[in-house]
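Heads up, the thing below is written out as structure tokens.
Just so it is clear, none of the values below were taken in a lab; they were calculated from the coordinates. Fair warning: this is a prediction, and the values are worked out from it, not measured in the lab. Cβ atoms come from the backbone with ideal geometry, glycine included; neighbour counts cover every protein chain shown.
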Amino acid sequence: MDVVELDRIAVYEALRVVELAQDGDGDWERDSPCAGWTLRRLVAHMAAQHHGFAAAARGAGGDPAYWTEQADMREPAKVHRAAATSLLGAFAEPGAVEREFTLPELGGRFPGRLAIGFHFIDYVVHAWDVAATLGVGLELPDEVLTAALAVARFVPADPAGRGPGFAFAATLDVPPGAGPLEETLRLLGRSPEWG
């Protein structure tokens, strides 16, 4: 599978789990695995990242407005779905993988294929974050989880670039026999036992 297809699968799984949250059950105010963030705040971040990456795919990633979280999050699932739709359209455009993406949070410009890989690993992990928050299972095919692990192994583990204010927390020890999802989560600072 190419990186656009891998990313599409991860985004659709994130959509699925986000849309399991119930408005009347307090789901949006639950704590998430992202320290200090409720599910509502996590989904606001996810939507902003979709808009930012979509803009980057179209040559406008340097504009901070595209990376800003939406203020009105009364309907988080609706906001997230609109953002994901925009993102999927941008990544499916001819030539997207060959373009350079400006990604301000990562400090520069990156080849499209690599930038989409960054988005892919983020959405495998964020789909898990949402699933863990809601206490539901994640449904990703083995080839997607194997690809996510390959990407996670390339994420720098230097403690100076991990923790509060960075994309990922410090790495956790990986026990022998860990499956690809568990290893990915631990390499990116998530405890599979969260919650």
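Pairs of Cα atoms under 8 Å, at least six residues apart: use those to get the relative contact order of the chain, whole percent.
Details: 272 pairs, mean separation 46.8, N = 195.
24 percent.
Might you report the magnitude of the Cβ-based charge dipole of the chain about its Cα centre, with Lys and Arg at +1 and Asp and Glu at -1, to the nearest 20 debye?
Numbers: 16 positive and 28 negative charges, 82 e Å.
Here the chain has a charge dipole of around 400 debye.
As an exercise, use a Förster radius of 41 Å and the Cβ-Cβ distance of Thr68 and Val136 to find the FRET efficiency, rounded to the nearest 0.05.
Details: r = 29 Å, r/R0 = 0.71.
Computed FRET efficiency for Thr68 and Val136 comes out at 0.90.
For Lys78 and Trp37 in the same chain, what is the full-extension length gain: residue separation times 0.36 nm, less their Cα-Cα distance, in nm? Could the numbers behind the result be given before it?
On the way: separation 41, 0.36 × 41 = 14.76 nm, distance 1.89 nm.
Contour length minus Cα-Cα distance gives 12.9 nm.
Can you give the helix-only mean residue ellipticity at 222 nm for the chain, where every DSSP H stretch with n ≥ 4 adds -39500 (n - 2.57) and the sum goes over all residues, rounded to the nearest 500 deg cm²/dmol?
On the way: 6 runs with 94 residues, N = 195.
The helix-only estimate for the chain comes to -16000 deg cm²/dmol at 222 nm.
Only one of the listed values, (i) 31.9, 101; (ii) 15.7, 48; (iii) 15.7, 44, was derived from the coordinates as Rg and Dmax of the Cα atoms in Å; which label is it?
Recomputing Rg and Dmax of the Cα atoms in Å here picks out (iii).
Run the simple label-point estimate for Arg16 and Ala150 please: 7 Å along Cα→C-beta, distance reported in nm.
2.2
Using a basic spin-label model with each label point 7 Å from the Cα along Cα→Cβ, how many nm lie between Ala92 and Trp194?
3.0
Report the charge-dipole magnitude of the range 8-83 in Debye, nearest 20, computed about the Cα centre from +1 at each Lys and Arg Cβ and -1 at each Asp and Glu Cβ.
Details: 9 positive and 11 negative charges, 61 e Å.
Its charge dipole is roughly 300 debye.
PRE reach from Val174 (point 7 Å along Cα→Cβ): which of the range 112-151 fall under 17 Å by backbone N?
Under 17 Å, as judged by backbone N against the label point of Val174, lie 121-122, 124-125, 142-151 of the range 112-151.
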